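Colleague: First the structure, which I've put down as structure tokens, then a few questions once you've had a look.
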Amino acid sequence: MQTKLVEIDLGERSYKIAIGANLLSFIGDFLPFDIEGKKIFLITDDNVEPYARALQKTLQQAGTQFCEVLVVPHGEKTKCYTRLQEVHDWMLEHNIHRNSVVFAVGGGVIGDLAGFAAATVLRGVPYVQIPTSLLAQVDSSVGGKTGINTKYGKNLVGNFYQPAAVIADMDVFKTLPTREVRAGYAEVVKYGLIDDLDFFEWLEINGSLVLDIDIQSISHAVEESCKAKAAIVEADEREHGKRALLNLGHTFGHALEAAAGYDGTLLHGEGVAIGTMMAFDLSVEMGLCPQADALRVREHFKAMGLPVHAGNIGLTASVDDLIATMQRDKKAVDNKMTFILVKAIGSAFVTQDVPEKMVRDILAHSLNERD
């Protein structure tokens, strides 16, 4: 297949996303610097270590001065202070310097952790995103958000730090578990729901092909998602306005993830799917969105095997606990929760003008429903 390039135009911080097959074997063709003589720090997890080891060999053959791999445990719990210190210590022990390059080889957790480590060691060294999950390729690897979780909630410590490049290799999907593909698909659908009805309609027809890893279909989904995110990031890099739309489903979803304990019970994309349905249901209850649109999205999520209610995963959290977490969300202002709601499929907007009782009712309904 032909390699596609999507550019993120941010002036001096601009970079390209390469989308195609077998890209890691020719990675030097897609980097904005020469590999020869570089010190390379590869960070990966124990699930996708083979990709990092294969990339290590490719980079070493290209003449790197230093190229080592740090393997950390997979899972959301890895995004923490303790693991960040481990990464920093490893870098410093091996004499990282400012023209060294960090490679994040993994899903969203690795991208966030490695990106934040790169942003903060020596006050910033370049890094490259090598996303190995659908979710990471269409969302977390693009746009420069990095960070870790705390006991108070998800992504509450971090910064904006753009990568030097993003390499989205379709070959990584060959070994990705079906549940992970489905979870990533929730983030793909998000772009259609925010402001692209045509893309959502394409997904209604082709979504099953995406989940079956049909290369043409999944590469098209990744390309369209990256183009959509690129346009939003270019307009609002630091999330002062429009970029908040990318958090459709996330205010609810992050609270659900925290309640689930980051133990694998609820994947991020699954939380986003449930949270997106809560956002649609809340929009319907407020008289903002036709009920038919909410039903259409719900049926599509169900057809793709995604959960649509918190009750589907047996979550036992209380509404009070979820509200408390949502009030600590990084989008909250003066203790007021920020929501991304919808007027229709393809028409999302940001608001804080939401009655808390309605939010509580939506949470209670989702916790109690099972279908």
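Colleague: Which one of the conditions (1) modelled with pLDDT of 95 or more; (2) among the β-branched types (V, I, T); (3) over 17 Å from the mean Cα position of the chain (by Cα) does I232 fail to meet, given that it meets all the rest?
Modeller: All conditions are met except number (3).
Colleague: Would you mind stating whether E201 is assigned by TED's automatic domain parsing to the domain that holds A279, in a helix (DSSP H, G or I) and crowded, with 18+ Cβ neighbours inside 10 Å?
Modeller: Taking the combined requirement at face value, the residue does not satisfy it.
Results for (1) over 22 Å from L23 (Cα atoms); (2) assigned by TED's automatic domain parsing to the domain that holds N99, shown as yes or no for each residue.
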{"site": "A117", "(1), (2)": "yes, yes"}
{"site": "G143", "(1), (2)": "no, yes"}
{"site": "G147", "(1), (2)": "yes, yes"}
{"site": "T150", "(1), (2)": "yes, yes"}
{"site": "V157", "(1), (2)": "yes, yes"}
{"site": "A164", "(1), (2)": "no, yes"}
{"site": "D169", "(1), (2)": "no, yes"}
{"site": "G184", "(1), (2)": "no, no"}
{"site": "I194", "(1), (2)": "yes, no"}
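Colleague: Also: Are any of the residues in segment 257-265 in contact with a Phe, Trp or Tyr (Cβ under 8 Å, 6 or more places away or on another chain) and either over 20 Å from D353 (Cβ atoms) or modelled with pLDDT of 95 or more (or both)?
Modeller: Checking segment 257-265: not a single residue is in contact with a Phe, Trp or Tyr (Cβ under 8 Å, 6 or more places away or on another chain) and either over 20 Å from D353 (Cβ atoms) or modelled with pLDDT of 95 or more (or both).
Colleague: Identify all residues within segment 222-231 that are among the hydrophobic types (A, V, I, L, M, F, W, C) and either over 25 Å from N206 (Cβ atoms) or in contact (Cβ under 8 Å) with a residue 60 or more places away in the chain (or both); write none if there are none.
Modeller: V222, C226, A230
Colleague: Restricted to segment 135-172, and to residues that are among the hydroxyl-bearing types (S, T, Y) and not in a strand (DSSP E or B), which residue is surrounded by the fewest Cβ atoms within 10 Å (Cβ to Cβ)?
Modeller: For segment 135-172, the residue satisfying everything is Y152.
Colleague: Please enumerate the residues belonging to segment 175-231 that are under 21 Å from M277 (Cα atoms) and among the hydroxyl-bearing types (S, T, Y).
Modeller: Within segment 175-231, Y185, Y191, S208, S225 meet the criteria.
Colleague: Have a look at A279, A273, A228, A221 and point out the one that is in contact with a Phe, Trp or Tyr (Cβ under 7 Å, 6 or more places away or on another chain) and more than 18 Å from F339 (Cβ to Cβ).
Modeller: After ruling out the rest, the residue left standing is A228.
Colleague: Is it the case that segment 351-361 has a residue that's assigned to a helix (DSSP H, G or I) and touching a strand residue (DSSP E or B) at 6+ places or on another chain (Cβ under 9 Å)?
Modeller: yes
Colleague: Same structure again: Identify all residues within segment 117-134 that are assigned to a helix (DSSP H, G or I) and crowded, with 24+ Cβ neighbours inside 10 Å; write none if there are none.
Modeller: Once the filter is applied, which keeps residues that are assigned to a helix (DSSP H, G or I) and crowded, with 24+ Cβ neighbours inside 10 Å, segment 117-134 yields A117, A118, L134.
Colleague: Hey, another quick one. Just name the residue that is farthest from the chain's Cα centre (by Cα) out of those in segment 175-198 that are assigned to a helix (DSSP H, G or I) and charged (D, E, K, R).
Modeller: D198
Colleague: In addition: Return the only residue of G241, G249 being surrounded by fewer than 15 Cβ atoms within 10 Å (Cβ to Cβ) and touching a residue at least 24 places away in the same chain (Cβ under 8 Å).
Modeller: On the way: G249 fails: surrounded by fewer than 15 Cβ atoms within 10 Å (Cβ to Cβ).
Exactly one residue qualifies, and that residue is G241.
Colleague: To continue, here is another question. Any residue in segment 336-351 that is more than 24 Å from the chain's Cα centre (by Cα) and at pLDDT below 95?
Modeller: yes
Colleague: So, one more: Tell me whether segment 342-353 contains one or more residues that are within 27 Å of L156 (Cβ to Cβ), crowded, with 22+ Cβ neighbours inside 10 Å and not polar (S, T, N, Q). First the steps, then the outcome.
Modeller: Applying the first criterion (within 27 Å of L156 (Cβ to Cβ)) to segment 342-353 yields 342, 348-353.
Narrowing further to those that are crowded, with 22+ Cβ neighbours inside 10 Å: 342, 348.
Filter once more, keeping what is not polar (S, T, N, Q): 342, 348.
Looking through segment 342-353, at least one residue is within 27 Å of L156 (Cβ to Cβ), crowded, with 22+ Cβ neighbours inside 10 Å and not polar (S, T, N, Q).
Colleague: Got a sec? Which of V105, V48, V72 is buried (at least 16 other Cβ atoms within 10 Å of the Cβ), touching a Lys or Arg at 6+ places or on another chain (Cβ under 8 Å), closer than 26 Å to L176 by Cβ and of a type in the set (A, V, I, L, M)? Don't jump to the end; show me each part of the working.
Modeller: Values: V105 fails: touching a Lys or Arg at 6+ places or on another chain (Cβ under 8 Å); V48 fails: touching a Lys or Arg at 6+ places or on another chain (Cβ under 8 Å).
Exactly one of V105, V48, V72 is buried (at least 16 other Cβ atoms within 10 Å of the Cβ), touching a Lys or Arg at 6+ places or on another chain (Cβ under 8 Å), closer than 26 Å to L176 by Cβ and of a type in the set (A, V, I, L, M), namely V72.
The values are calculated or read from the model by the stated rules, or taken from the named source; none is laboratory data. Just so we're clear, the structure is a prediction, and the values are computed from it rather than from any experiment. Heads up, the Cβs are rebuilt from the backbone with ideal geometry, glycines too, and the neighbour counts pull from every protein chain shown.
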